[in-house]
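The values are calculated or read from the model by the stated rules, or taken from the named source; none is laboratory data. Computed from a predicted structure; not experimentally measured. Positions of Cβ are generated from backbone atoms using ideal geometry, with glycine treated the same way; all protein chains shown enter the neighbour counts.
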Amino acid sequence: MRIDIISLFPEMFEGFLSSSIPLRARKKGLLELELHNLRDYSTNKYKSVDDYPYGGGAGMVMSIEPIDRCISFLKSQRDYDEVIFTTPDAPVLDQPAANALSLCRNLILLCGHYKGVDERVREHLVTRELSIGDYVLSGGELAAAVITDAVVRLIPGVLNDETSALSDSFQDGLLSPPVYTRPPEYKGWKVPEVLLSGNDKLKAEWRYQQALSRTKERKPRLLDGIPDE
Ligand code: 6GU
């Protein structure tokens, strides 16, 4: 997969990209990730990328021209499955959406900023909009990093067996059951007896029941599509 991130603050991605799963994916040759500084696509001498809003109101608006120039350049190099704009007024990323995006070959992530972007960008250049939750961040960069992480870890071969995405919370529509490791007792706090037994069937059943009751208690919405036991 190739992901092109267009941002006013590409340096915000450095820490994220030099560690963690995306780095692993890049080293394995499963991910190509390129950052593009929007300022490089500005044509005026001040390298400005924003302007005052028509009709007034607070804050600056990201201009269409540098964004169009950047996206057009990228599109001249290859076809893209989606041009995604990160903005808090969009549908919230969920696991099914991450699963679907992980099947794409080429993605553009455009990070929103200031009071927003000229609406014509959303109308004509963007194919999809995503938020990561109902709160406001200072910019779309952290959201783009979250989306990238959620998607990249699903690319086949990025994770190894132990960390396989197939056993994630949400992936089978259930939260993960609680987990324990040695010692079996610490300060009198005990690991559930059933997990210390040799009975694999019983242990699997326990894990499933825990996953189910956890989901019912904490995120019942996830059970909407799943028939009762
Ligand atoms: Cl995508 N952008 C911003 N600025 N804030 C957010 C967000 C995105 N998602 C949640 N909050």
The listed residue being touching a residue at least 60 places away in the same chain (Cβ under 8 Å) and surrounded by 10 or more Cβ atoms within 10 Å (Cβ to Cβ), out of Ile132, Ile155: Ile155
Taking the criterion of being modelled with pLDDT under 95, near the ligand (Cβ under 9 Å from one of its atoms) and out of contact with any Cys (no Cβ under 9 Å at 6 or more places or on another chain), would at least one residue in the range 149-168 satisfy it? no
Condition met for Pro183 (out of contact with any helix residue (DSSP H, G or I) (no Cβ under 8 Å at 6 or more places or on another chain), in a loop (DSSP other than H, G, I, E, B) and either within 16 Å of the ligand (Cβ to nearest atom) or of a type outside the set (A, V, I, L, M) (or both)): yes
Consider the range 95-121. How many of its residues are farther than 18 Å from Ile3 by Cβ, more than 13 Å from the ligand (Cβ to nearest atom) and among the charged types (D, E, K, R)? 3
Is there any pair linking a residue in the range 39-52 that is assigned to a loop (DSSP other than H, G, I, E, B) to one that is at pLDDT 95 or above and among the aromatic types (Phe, Trp, Tyr), with Cβ under 9 Å and at least six apart or on different chains, and which? Val49/Tyr41
Kindly check whether there is at least one residue in the range 7-16 that is surrounded by fewer than 18 Cβ atoms within 10 Å (Cβ to Cβ), touching a helix residue (DSSP H, G or I) at 6+ places or on another chain (Cβ under 6 Å), among the aromatic types (Phe, Trp, Tyr) and assigned to a loop (DSSP other than H, G, I, E, B). yes
Counting only helices (runs of 4 or more DSSP H) wholly inside the range 54-137, the ones holding at least 1 residues that are within 21 Å of the chain's Cα centre (by Cα) and closer than 15 Å to Ala150 by Cβ are 95-101
Looking at the range 16-30, I want the residues that are on the phi > 0 side of the Ramachandran plot and have a partner that is acidic (Asp, Glu) with Cβ atoms under 8 Å, at least 6 apart or on another chain. Which pairs are those? Ser20/Asp149
